[in-house]
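One structure below.
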Amino acid sequence: MLIKRMESGILAANAYFVADQESKKGFIVDPGGPNNNMLKFIEECNCTPEYIVLTHGHCDHIAGIPFYKGFFPDVKVIACAAEKDVLADPAQNLCGMIGQTISMEADIWVNDGDTLSVGTLELKFMHTPGHSPGGMCIAVGDTLFSGDTLFRSSIGRTDLPNGSFSDLKNAIHEKIFILPDETRVFPGHMGETTVGFEKRNNPFV
């Protein structure tokens, strides 16, 4: 599995391109803004993104969708069904923070436990509310894309609209901390970590 991380957008959120190296099929996680370097990387590795997967609907994770759809018009946007209102409502997706007005719907709505194949990769969607109502993580083998649910030694904010610290803490313990300690965690901000490291060291949970 190929994983490329690049900070994108005004707020420099982590965007990821993930590809199955056998089929050359892939997906983009949380495109926070246009990124020509990411586009160049996708083209150079001769891969095709089939999906844009959103861990949640805040502006710094969705603002780059039109950019990538312009180059890959067949790409489908995937989001958690519980995030419909956030994606549709500029007041909830906080797009004013980046000087835009964003209202959108996903092409595919998923729920907790749903799976999807991209080439030989299997994506499992895990509903992890707390930072936002429809926050979710994506597990792919021994890798987890955690969005703004879990960071290295930190967690996502819960003081934003519809945030809940208790929901976030429960989601981390019930969904993430049951994964093997060696599971690699790629968050929406900051650097890579592992489940085991966070279980031992994260002061918030």
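Summing Cβ point charges (Lys, Arg +1; Asp, Glu -1) relative to the Cα centre of the chain gives a dipole of roughly 320 debye. Remark: for residue pairs Lys84/Lys199; Lys4/Lys199; Lys124/Lys169; Lys4/Lys124; Lys25/Lys175, the C-alpha separation exceeds 23 Å in Lys84/Lys199; Lys4/Lys199; Lys25/Lys175. Summing charges over neighbours of Leu160, with a neighbour being any other residue whose Cβ is under 12 Å away from its Cβ, gives -2 when K and R count +1 and D and E count -1. Taking Lys and Arg as +1 and Asp and Glu as -1, the other residues whose beta-carbon sits under 15 Å from that of Leu144 total -4.
None of the figures in this text is laboratory data; all of them are computed from the coordinates on show. This is a predicted model, so every value here is computed, not measured. Note that we place each Cβ from the backbone using ideal geometry, even for glycine, and neighbour counts take in every protein chain shown.
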